[in-house]
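What follows is a short report on a single structure.
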Amino acid sequence: MRDAAAKIAAVLPPTPIFVQEINGIRIVFKAESLQPIGAFKIRGAWHRLTAMSAEARAKGVVAFSSGNHAQGIAWAARRLGMPATIVMPADAPRAKRDSTLALGAEVVDYDRATQSREAIAGQLAAARGATLVPSFDDPWVIEGQGSAGIEAERQMIDAGLGAPTHVVVPCGGGGLSAGIALALKDARITVAEPEGWDDMRRSLEASWIEPVGPNPPPTACDSLQTMQVSPLTFDVLSRRDATGVAVSEREVAAAQCWAAQRLRLVIEPGGAAALAAVLAGRVAPAPGMLVILSGGNVDIDGYARALAGDVA
């Protein structure tokens with residue numbers, strides 16, 4: 001894990017930490033929203049693609065993503081001179097789609113309600129001889145995402161804040177939270193998910209994988225819309241006795257507003273889920289707490305509604 005962190009640090013400057021009080025307690029925030037692609041996903045993408053052989057790189061990479069993993073793969077592939085194809089939902093935020101295209105990747109659309117992105121990506125990879133890189137169900141990707149935890153721990157210690165004792169992390173498939181759980185073995189881990197999409201929370205409570213139920217509610221947290229977590233991420237978090245909470249759309253929007261006002265940061269809905277959990281009291285603020293702000297790729301219209309309080 002620390003070797004992965006060193007490799008990533010050689011190409012990506014550390015994202016900053018910020019300190020603010022909530023209920024009189026100092027909380028540390030890690031702004032992964034300030035990565036070159038606006039999200040933490042660049043870490044796992046770089047670690048995974050640089051581990052590929054020259055022959056595999058020449059054949060390219062295929063991934064599926066609603067936007068942040070897409071941009072991470074596209075960024076890493078362009079830097080390494082590799083072709084990249086991304087399977088994206090047709091309703092993905094335009095800003096994320098445009099950024100992925102601008103980074104040189106090919107985008108293949110699918111209907112998230114009727115089609116399987118895994119099946120489409122698998123068929124494309126097989127036909128082209130390319131390597132399929134999942135957004136979270138991959139040991140290399142998880143290890144790369146965990147570098148955010150190692151980096152934050154070093155920053156907190158250097159700032160005289162001590163090592164993190166409790167980390168609150170947004171969770172879709174669980175790649176970031178599993179990576180941090182592996183990196184920070186002495187810290188308590190809590191994952192935050194949108195209501196109706198809280199399959200990791202329910203899985204951890206049940207001690208087996210519980211997929212998202214039929215007809216889940218709409219959510220602005222597009223980056224956290226995962227129908228089922230993987231056995232890999234679930235196993236890591238389960239062994240670490242991680243817990244989970246669910247947050248409402250209003251709580252997420254309120255967290256986006258708080259981040260803009262108090263931290264001067266633009267945070268996307270999914271990236272604000274952990275902050276929402278703390279602000280709403282679903283996770284009690286405590287000394288040594290680290291909150292991950294995982295992404296900042298906002299849809300401008302949706303962000304304006306969040307700031308205006310126009311969220312159902």
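The values are calculated or read from the model by the stated rules, or taken from the named source; none is laboratory data. If you're wondering where the values come from, they're calculated on a predicted model, not measured in any experiment. Please note: Cβ atoms are built from the backbone with ideal geometry, for glycine as well, and neighbour counts cover all protein chains shown.
Some observations on this one:
- Listed conditions (1) surrounded by fewer than 21 Cβ atoms within 10 Å (Cβ to Cβ); (2) in contact (Cβ under 8 Å) with a residue 24 or more places away in the chain; (3) not in a strand (DSSP E or B) are all met by VAL107, apart from (3).
- Near pairs, Cβ below 7 angstrom, 6+ apart or cross-chain, from region 235-251 (over 20 Å from TRP197 (Cβ atoms)) to any residue that is assigned to a strand (DSSP E or B) and not polar (S, T, N, Q): ARG240/ILE189
- Residue list for region 152-185, restricted to those being more than 21 Å from VAL19 (Cα to Cα) and either more than 19 Å from the chain's Cα centre (by Cα) or surrounded by fewer than 22 Cβ atoms within 10 Å (Cβ to Cβ) (or both): LEU182, LYS185
- Qualifying residue in region 154-171 (condition: in contact with a strand residue (DSSP E or B) (Cβ under 9 Å, 6 or more places away or on another chain), within 26 Å of ALA246 (Cα to Cα), among the hydroxyl-bearing types (Ser, Thr, Tyr) and at pLDDT 95 or above): yes
- Residue among ASP137, ASP198 that is in contact (Cβ under 8 Å) with a residue 24 or more places away in the chain, within 29 Å of VAL87 (Cβ to Cβ) and over 14 Å from the mean Cα position of the chain (by Cα): ASP198
- Selection status of ILE150, of a type in the set (A, V, I, L, M), under 17 Å from ALA273 (Cα atoms), in contact (Cβ under 8 Å) with a residue 24 or more places away in the chain and touching a Lys or Arg at 6+ places or on another chain (Cβ under 7 Å): no
- Any chance ARG57 is over 21 Å from LEU182 (Cβ atoms), touching a residue at least 24 places away in the same chain (Cβ under 8 Å) and of a type in the set (D, E, K, R): yes
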